[in-house]
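Have a look at the structure below before the remarks.
The values are calculated or read from the model by the stated rules, or taken from the named source; none is laboratory data. Since the structure is predicted, the reported quantities are computational estimates derived from the model, not experimental observations. Cβ atoms come from the backbone with ideal geometry, glycine included; neighbour counts cover every protein chain shown. Accessible surface is based on the protein model in full, side chains and every heavy atom, while ligands, DNA and RNA are left aside. Shrake-Rupley method; radii C 1.70, N 1.55, O 1.52, S 1.80 Å.
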Amino acid sequence: MNAEDIARFLKTHPQFFDQHPELLESIYVPHPHGGRAIALSERQILGLRDKVRLLEGKLGELIQFGEENDAIGEKVHRLALALLAARDFGSAAHALHFHLREDFSVPHVALRIWGRPLPQDAAEAAPIEDALRDQVDSMGAPLCGPAAASPFLPWFGEAAEHVRSLALVPLGQTKAFGLLALGSEDAQRFYAEMGTLYLRRIGELVGAALVSRL
């Protein structure tokens, strides 16, 4: 009889240790975290403790993610209320910049709108190349990644040299009419693999708020 035969026997006869309980205390196996031998029953307890610690760690991560999502959701809610309270395009744009800076800690924000009647002195009405408009229109969803070599980096003016990562949020449900660009001096703030659910929601809120005020 080899090891596989023994393992197969124990699997097919789960009552074996009920019939021979003394074996649980007399069989010794290596300690999982050291060289000394311990009883099989103690080894089972240690294994269960390791599983419990692993599950506790995963539960802690889930709780942390939930708390972070709740905090972000509350910030998005406050932004939505501020946009709803805005009387015109100028006050809506101001509320957007304020909440992104103060609530979301985004130091650099650039907003461009095209194909809509904007106030002549609005920075958001700055001319945009057709190629950039087409690029925004083809995004379909927010994009995040490094700022280096991005054609949208010049939108941040003098601050462009300090921006290390970007989040680009197209505005418009079917066809883009604008772009909200978020810049961070932290290279890891906006990275390519990050989730964009809340960025998409912010884009939808901003797009709806601005269109209704133009």
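Laid out as a table, the results:
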read-out	value
Residue that is most open to solvent (accessible area, probe 1.4 Å) [pool: residues in segment 148-162 that are in a loop (DSSP other than H, G, I, E, B) and free of Cβ contacts under 8 Å to residues at least 40 places away in the same chain]	ALA149
Failed condition for ARG213, given (1) in a helix (DSSP H, G or I); (2) modelled with pLDDT under 95; (3) open to solvent by less than 60 Å² (accessible area, probe 1.4 Å)	(1)
In segment 126-145, residue surrounded by the fewest Cβ atoms within 10 Å (Cβ to Cβ) [restricted to those that are modelled with pLDDT of 95 or more and in contact with a Phe, Trp or Tyr (Cβ under 8 Å, 6 or more places away or on another chain)]	GLY145
ALA86 vs. criteria over 16 Å from LEU171 (Cα atoms), touching a residue at least 40 places away in the same chain (Cβ under 8 Å) and open to solvent by less than 30 Å² (accessible area, probe 1.4 Å)	yes
Considering residues of segment 163-197 that are of a type in the set (Ser, Thr, Tyr) and under 17 Å from GLY140 (Cβ atoms) only, the residue least open to solvent (accessible area, probe 1.4 Å)	THR196
